[in-house]
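A short worksheet on the structure shown next.
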Amino acid sequence: MIPAIRGTHDILPAEVERWQRVESVSRRLFERYGYAEVRTPIIEREELFAKGTGETTDIVQKEMYAFTDKGGERITLRPEATPSLVRAFVEHNLEQAMATAKLYLFGPMFRYERPQKGRYRQFHQLDVEVFGVSDPAVDAEVIDLAWALVTELGIPGPELVINSVGCPVCRPAFGEALVASLGSDVSRLCADCQRRAATNPLRIFDCKVPEDQALIDALPHSVDYLCEACRVHFASVERHLDMYGIPYRVSHRLVRGLDYYTRTTFEILGTNLGAQNALLGGGRYDGLMKDLGGPDRVGIGFAAGLERLVLALPETAGRQVGPPDVFVTAIGEPARDVAFQLVRELRQAAIRADIDYEGRSVRAQMKRADRLAAPLVVIIGDEELSRGQVRVKDMRSGDQVDVARTEIVAFLRGRAAAANK
Ligand code: HAM
């Protein structure tokens with residue numbers, strides 16, 4: 001058998017119920033907070049992410065599934081959704097169509113990373129974005145939504161971490177402060193960090209090399225270099241979070257691995273997830289839309305990895321498709337036709353019905369009904385049929401009763417409703 005590609009995974013019946021739970025809880029929540037769903041293509045032009053996510057990010061430099069298509073265009077499988085949503089917002093002039101531009105998206109993303117627990121090459125995100133609102137109250141609302149999501153899912157021990165990475169006014173001075181603080185120590189950092197120090201010093205915080213961490217921990221904090229406007233903004237975000245009683249920790253290391261962030265950045269970390277413990281992450285990106293050639297509109301949002309939310313869900317048994325309400329068996333050919341018709345009628349009447357397709361012996365059919373744990377079995381035999389009847393067996397009590405063929409759907413609907421109560 002040809003195996004699946006490394007870093008991809010199938011979502012099997014045993015776990016799909018947990019996925020559906022995450023999806024339905026999030027959808028309900030997004031709609032309560034006023035978000036509308038958007039679905040964008042999985043393939044986009046490579047330059048959307050080169051420009052949007054950022055040329056100096058690991059995602060663009062190392063992880064993109066990019067290729068030249070048969071028409072000679074550079075295409076990439078999206079590594080994240082934010083640039084796609086910005087593109088769709090501008091391309092379809094959603095600003096005109098929506099009172100407040102609040103969008104959400106579910107879908108697969110692709111990054112050529114080293115696979116491990118919670119980290120895949122094809123993974124799934126839920127992503128929310130708000131466009132055009134710069135008030136810090138909306139930063140707090142987006143963080144509140146992220147917090148509500150993990151708490152409504154019952155994920156134990158979430159930790160909210162926030163930071164402010166400033167704006168184009170104060171960022172350059174902070175970058176200089178980072179380089180100045182490192183001084184000649186820069187040559188002791190890994191090759192990636194030496195490159196980062198020259199091109200985009202903020203990216204040094206993305207470094208995962210263990211030997212570099214002591215030096216990086218001692219670097220200056222972006223919150224100490226904020227301009228007045230960014231300082232006031234961040235203080236207001238904190239004030240709102242305090243007002244809502246949402247606990248958080250400010251971390252100077254939280255610069256996030258994408259280039260577009262300005263001001264607020266945040267992540268919610270989970271426990272028991274190993275090294276890949278970020279359940280979700282996001283922040284404000286006030287220059288992105290303009291940088292991509294759109295109008296000068298600010299934005300803020302976050303994305304969560306669905307795999308990680310599913311992993312972090314509390315341990316309640318994942319339910320597969322439940323047993324049928326009724327299993328229909330048939331003895332002889334004419335009875336089989338009636339059985340197939342009956343199964344169809346039952347399903348149309350919203351009753352979960354199943355049947356044996358292989359025309360096996362009655363014994364084998366009953367065995368299958370037993371394996372499926374069907375509480376009721378309909379037995380259709382030539383003798384009953386000639387009387388216009390079918391037999392219903394209660395598998396728990398063993399009781400049997402003959403019911404008119406014309407009455408059977410109503411009879412079973414009543415029994416199934418009583419059993420499902
Ligand atoms: P990100 O931090 O790159 O941000 O990804 C967000 C979340 O996606 C992570 O916290 C993690 O749960 C999940 N994730 C990322 N990479 C993988 C992977 N290889 N395997 C499994 N899960 C993964 C963004 O993507 C931004 N677009 C978020 C955002 C929206 N910022 C503003 N708006």
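Below, the figures for the structure above:
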{"item": "Solvent-accessible ranking of S361, S222, largest area first, probe 1.4 Å", "result": "S361, S222"}
{"item": "Global geometry of region 155-197, whether rounded, prolate or oblate, following the gyration tensor of its Cα atoms and the 1.5 cut on a/c", "result": "oblate"}
{"item": "Share, in percent, of DSSP beta bridges within the chain that are antiparallel, nearest 5", "result": "80"}
{"item": "Beta bridges per DSSP with both ends in region 326-414, % antiparallel, nearest 5", "result": "55"}
{"item": "Backbone HN-Hα couplings from phi across region 383-388 [Karplus 6.51/-1.76/1.60, Hz, Gly and Pro as x]", "result": "5, 4, 4, 4, 8, x"}
{"item": "GNM top mover of V128, V186, V255 - the chain, alpha-carbon springs below 10 Å", "result": "V186"}
{"item": "Dipole of region 283-421 [Lys/Arg +1, Asp/Glu -1 at C-beta], most positive-end residue of I351, A417, I300", "result": "I300"}
{"item": "Region 326-414: C-alpha gyration tensor shape, a/c 1.5 cut-off, then a/b vs b/c", "result": "rounded"}
{"item": "Rg/Rg_ref, the chain, where Rg_ref = 2.2 N^0.38 Å and atoms are Cα", "result": "1.31"}
{"item": "Reachable lysines, given that their alpha-carbon falls under 18 Å from the alpha-carbon of K393 and they are not under 8 places away in the same chain", "result": "K367"}
{"item": "Surface accessible to a 1.4 Å probe, per residue, for the residues of region 269-421, Å²", "result": "51"}
{"item": "Ellipticity estimate at 222 nm from DSSP helix runs (n ≥ 4, -39,500 (n - 2.57)) divided over the chain, nearest 500", "result": "-11000 deg cm²/dmol"}
{"item": "Accessible carbon and sulfur surface of the chain relative to its total accessible area, %, 1.4 Å", "result": "52"}
{"item": "Separation of the E55 and R347 label points, Cα + 7 Å toward Cβ, nm", "result": "5.6"}
{"item": "Where a label projected 7 Å from the Cα of R253 along Cα→Cβ would reach, residues of region 268-288 with amide N under 18 Å", "result": "268-282"}
{"item": "Exposure of Y120 as accessible area (Å², to 10), given a probe of 1.4 Å and all protein chains", "result": "50"}
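The values are calculated or read from the model by the stated rules, or taken from the named source; none is laboratory data. Just so we're clear, the structure is a prediction, and the values are computed from it rather than from any experiment. Ideal geometry is used to build each Cβ from the backbone, glycine not excepted, and the neighbour counts take in all protein chains shown. Surface areas here come from the heavy atoms of the whole protein model, side chains and all, with no ligands, DNA or RNA. Shrake-Rupley method; radii C 1.70, N 1.55, O 1.52, S 1.80 Å.
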